[in-house]
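The values are calculated or read from the model by the stated rules, or taken from the named source; none is laboratory data. This is a predicted model, so every value here is computed, not measured. Note: ideal-geometry Cβ built from the backbone for every residue, glycine included; neighbour counts use all protein chains shown.
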Amino acid sequence: MKRLILFCDGTLEDADTQKDLDLYTNIGRLSRAVKELDERENPPVEQIKFYQSGVGTDEAALGGLVTGALGRGMMQKVRDLYDFVALNWEMGDEIYLFGFSRGAYTVRLLCSLLNVIGILPPRSYLHLFPSIFAALDSHTGKNDSDDHRALSEVTKLLRPLEGFRREQVKALEGKFLVKCVGVFDTVATRGRPTSLRLDPPSPSSTSPRFNSFGFDESILEPIVENAFQALAIDERRIDFRPVLWNRYGAVGGGKGGQGGIPGQRLLQVWFPGAHADIGGSYKESDLSFLTLSWLVSETESFLAFDYDYLRRLVVGKAVAPWGAMEAHQSRIGEFRLAPPMDRLLPTSFNPATCEYYHPSVLARPPSQIRPDLLPLLKKPELFVKLGTWEQAVKREWTLATKLAKVGEGQEKAAVGGGAGMAGGSQDVARPSSVTSFTDNESPHPSLASSTSSLPLDKPAFVSSATSLPPYLPSTTLPAYPRAPVTAPSTQPPFDEDPDPFAVLSRRKKGEPTVLASARRLLHRLESRGRHIVAQRYA
């Protein structure tokens, strides 16, 4: 048995070319943090990783920007992911999928594909994949004449696979084909940006939306055993509507939204922050560290992580106390042309979506909390508890400015006889004095003292590990000086840059061509020192 672990990054994000480790997304961080071998098992289990850069990273600068804005190129990403699985998977292997933004949508499309056609063997049926994929891509779910023709073609192509699919399902012996899917703030923008539409959708709209294969994009596929999603409370852009999961059989199904696949676990947690605060890529990464630590806590019983690497990502990098950093402003530039749209937050437990809030919401200053969220802070049943690794991260949470001062004290001690070295090490290892909440409970007083339990299906996954993993002791933390941290930047990462489609669709007075607008946008991106290089256009 081996584990196939696929990582799909956000739009225009590429950890393979990103030189600044602090600008990695959580997908880039996870792909590096997962070990190649899980030595907790006997015999050790091989963990084979496949990292895929985001939509728009495979093309020239201008083409990549437009591709990223429109979500084009996503289907080729899905094909590449499926090929990797089909060429490497054997019966008994486990599949893990992780994604951010449109990368999250991409791995969810892969789940839809696996649910329909299974995993085609390379030496028998894989040659049929291109035709089947093209037919599925033509299926829109709109129930019109074109859709009927596409569905008829899909049915015809799948007919020779019926016997094989039955045998594959039987061989799985009741096990799920996909062990785990973990995503950060799924968005699905494809085609013309919503901000340019005259009829932007309502956040409470219940009309079904279909994915690229013509299936309801909100359904959690029945082949998935564990599904986790981190969601952004503070994202207000219309073009970044989140795609929540609904448990299969629960949407429009049984009484009160009951239903779902026996043994399947779903957990969707709302965190403070905008879209890229959840998935990462900001220089100030406090909020993305929260979501990363949460997902590690939820999956560490399945996967082996390098905790030393994870601790180096967090310790001494914080710009604010645990949970207190203000969300970045993502609705800037051309995104301000469209009206803001607050995301619809849960007010009670829904067994179809299994949504909860993270305790870090309660650590925010009142001025940073949405007014409609304030009454919910007194409902402990809506909050998850910190997992094992999250507790360790919170204990080690250290501000970068504090670590820099410690380093300065050590330098003075070295010159004056070393009197301050021991004290400096203790300062680094000690948790921030601002975070005085208990480590194993929610930081809100009403939650810390509460004994009320979560819904019946909650205990199965709210505590992610039964035994402590081999975390390194805090005394091994390096104590070295760091430059003082400046105020959080208001510049957005690439997933939040002004919409290139809008730029290329507009002509400003006095401009002979739209290339002038595109050239200015590329210059702005280049000047930020990010990983897209502006090209010269005549």
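Among residues of segment 386-398 that are without any contact (Cβ under 8 Å) to a residue 60 or more places away in the chain and over 14 Å from GLU298 (Cα atoms), none has a beta-carbon under 6 Å from a residue that is part of a loop (DSSP other than H, G, I, E, B) and basic (Lys, Arg) at least six positions away or on a different chain. Applying the selection to segment 252-273, what residues are under 18 Å from LEU345 (Cα atoms) and either modelled with pLDDT under 95 or assigned to a strand (DSSP E or B) (or both)? Correct list: GLY257, LEU266, LEU267, GLN268, VAL269, TRP270, PHE271. Out of all the residues in segment 282-294, is one or more in contact with a strand residue (DSSP E or B) (Cβ under 6 Å, 6 or more places away or on another chain), within 16 Å of ALA104 (Cβ to Cβ) and modelled with pLDDT of 95 or more? Yes.
In segment 202-240, of all residues being under 21 Å from VAL178 (Cβ atoms), touching a strand residue (DSSP E or B) at 6+ places or on another chain (Cβ under 7 Å) and not in a strand (DSSP E or B), the one that is modelled with the highest pLDDT corresponds to ILE223. Identify the single condition in (1) surrounded by fewer than 22 Cβ atoms within 10 Å (Cβ to Cβ); (2) farther than 26 Å from LYS2 by Cα; (3) of a type in the set (Ser, Thr, Tyr) that SER124 does not satisfy, given that it satisfies every other one. Checking SER124 against (1) surrounded by fewer than 22 Cβ atoms within 10 Å (Cβ to Cβ); (2) farther than 26 Å from LYS2 by Cα; (3) of a type in the set (Ser, Thr, Tyr), the one that fails is (2). Return a yes/no flag: does segment 383-395 have any residue that is of a type in the set (Phe, Trp, Tyr) and more than 30 Å from GLY249 (Cβ to Cβ). Looking for residues that are of a type in the set (Phe, Trp, Tyr) and more than 30 Å from GLY249 (Cβ to Cβ), one finds at least one in segment 383-395, hence yes. Within segment 127-139, residues that are surrounded by 15 or more Cβ atoms within 10 Å (Cβ to Cβ) sit with their Cβ atoms under 8 Å from residues that are part of a helix (DSSP H, G or I) and of a type in the set (Ser, Thr, Tyr), at 6+ positions apart or across chains, in these pairs: PHE129/TYR82; PHE133/TYR82. Those helices (runs of 4 or more DSSP H) of segment 325-440 in which 2 or more residues are touching a Gly at 6+ places or on another chain (Cβ under 6 Å), within 17 Å of ASP286 (Cα to Cα) and at pLDDT below 95 occupy 400-416.
Let's see how each residue does on (1) closer than 25 Å to ARG395 by Cα; (2) crowded, with 17+ Cβ neighbours inside 10 Å; (3) more than 21 Å from the chain's Cα centre (by Cα):
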site: LEU313; (1), (2), (3): yes, yes, no
site: ALA320; (1), (2), (3): yes, yes, yes
site: GLU326; (1), (2), (3): yes, yes, no
site: ARG343; (1), (2), (3): no, yes, no
site: SER360; (1), (2), (3): yes, yes, no
site: ARG364; (1), (2), (3): yes, yes, yes
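Within segment 23-70, the only residue that satisfies the criterion of being in contact with a Ser or Thr (Cβ under 7 Å, 6 or more places away or on another chain), surrounded by fewer than 18 Cβ atoms within 10 Å (Cβ to Cβ) and modelled with pLDDT of 90 or more is LYS49. Of all residues in segment 288-332, which are of a type in the set (Asp, Glu) and over 30 Å from MET1 (Cβ atoms)? Correct list: GLU326 only.
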